[in-house]
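> Dumping the structure here so I can ask a few things about it.
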Ligand SMILES: [Zn+2]
């Protein structure tokens, strides 16, 4: 997870804006109708996660779970990161196809895709709303060609992207935003994200008209798709999650706020642990939290069931970090798989989350 702020994003993005090639190469600007998906994509590789519910693992997390499930205490004691042999073993298995692994573009649910480089733990989501495409966290500029090719591969046209929704302003989620605005999409940004005022002041009026600032509780509409914005500061001041219903399945898009099995967003000078904890409780106690099944995080493994449990795991891990910090330890990261492994050895899998 790259730590560059929105301000740096602005510089990169504005630099792109002054370059003439704002439209996508080879793209017709007149295309407005939505083509039915008839392209090529990979189906999800659904496995059972450590909590017993269905997940779609990325490679790194697949190996984390293998260690969690299979390693002896002696092996773990040599170092949790000493897993080169596993990477070799599974590289052979993946290569031979005897162990399946997710590939991209991947369809998670009908008309909902994950895009981006296959071996990079960054998730860009594409929703076919039936009345235009919604892109969530468009990602690094350097990966835009890959994402564009995948969109075309799915049978869509880049001119069909009507909206780009950002979970927060970090460059690994937001850097390529100006290119999509340039090709006609509206961009949805968080009003509380650092640098947003400077960004608005710096862009020309024709760009400013394409920007929508979001606030907590906003009910957004992407064609026929209603989405609720839930402001969840902590990782960044503007971090926002999005609750929606996709063809009968309750989904929460979480950016870097809630990740699989307790993995938490990385924290830097723009982050706030107390705000993060409060945001996790806000999600956990949200009126729809019992309905959320699928968690779509900004990175790595996708949880397909029991979304509220994923929120609880992050509550546990962040609480553990905050407790240790309050006790004087200098700590801003815990590997959740390693933490839960070590707690299980001690017979103490449950961590009581801090209330505040
Ligand atoms: Zn981030």
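> In the range 89-106, which residue that is touching a strand residue (DSSP E or B) at 6+ places or on another chain (Cβ under 7 Å) and surrounded by 18 or more Cβ atoms within 10 Å (Cβ to Cβ) is modelled with the lowest pLDDT?
102
> Would a scan of the range 39-51 turn up a residue that is modelled with pLDDT under 90 and exposed (fewer than 11 other Cβ atoms within 10 Å of the Cβ)?
yes
> Further question: Give me the residue from the range 235-248 that is crowded, with 18+ Cβ neighbours inside 10 Å and more than 12 Å from the chain's Cα centre (by Cα) and, out of that set, farthest from the ligand (Cβ to nearest atom).
Among residues in the range 235-248 that are crowded, with 18+ Cβ neighbours inside 10 Å and more than 12 Å from the chain's Cα centre (by Cα), the one farthest from the ligand (Cβ to nearest atom) is 246.
> Continuing with this model, one more query. For the range 256-269, what are the residues that are in contact (Cβ under 8 Å) with a residue 60 or more places away in the chain and surrounded by 18 or more Cβ atoms within 10 Å (Cβ to Cβ)?
Listed by number, the residues that qualify are 256, 257, 260, 261, 262, 263, 264, 265, 267.
> Exactly one condition in (1) modelled with pLDDT of 95 or more; (2) in a loop (DSSP other than H, G, I, E, B) is not met by residue 35; state its number.
(1)
> What number of residues within the range 281-312 are touching a residue at least 60 places away in the same chain (Cβ under 8 Å), at negative phi and out of contact with any strand residue (DSSP E or B) (no Cβ under 7 Å at 6 or more places or on another chain)?
The total comes to 3.
> Filter the range 284-299 down to the residues that are crowded, with 21+ Cβ neighbours inside 10 Å and in contact with a helix residue (DSSP H, G or I) (Cβ under 9 Å, 6 or more places away or on another chain), then identify the one that is farthest from residue 249 (Cα to Cα).
299
The values are calculated or read from the model by the stated rules, or taken from the named source; none is laboratory data. Quick caveat, the model's predicted, so the values are computed rather than measured. Cβ coordinates were reconstructed from backbone atoms using ideal geometry, including for glycine residues, and neighbour counts include every protein chain displayed.
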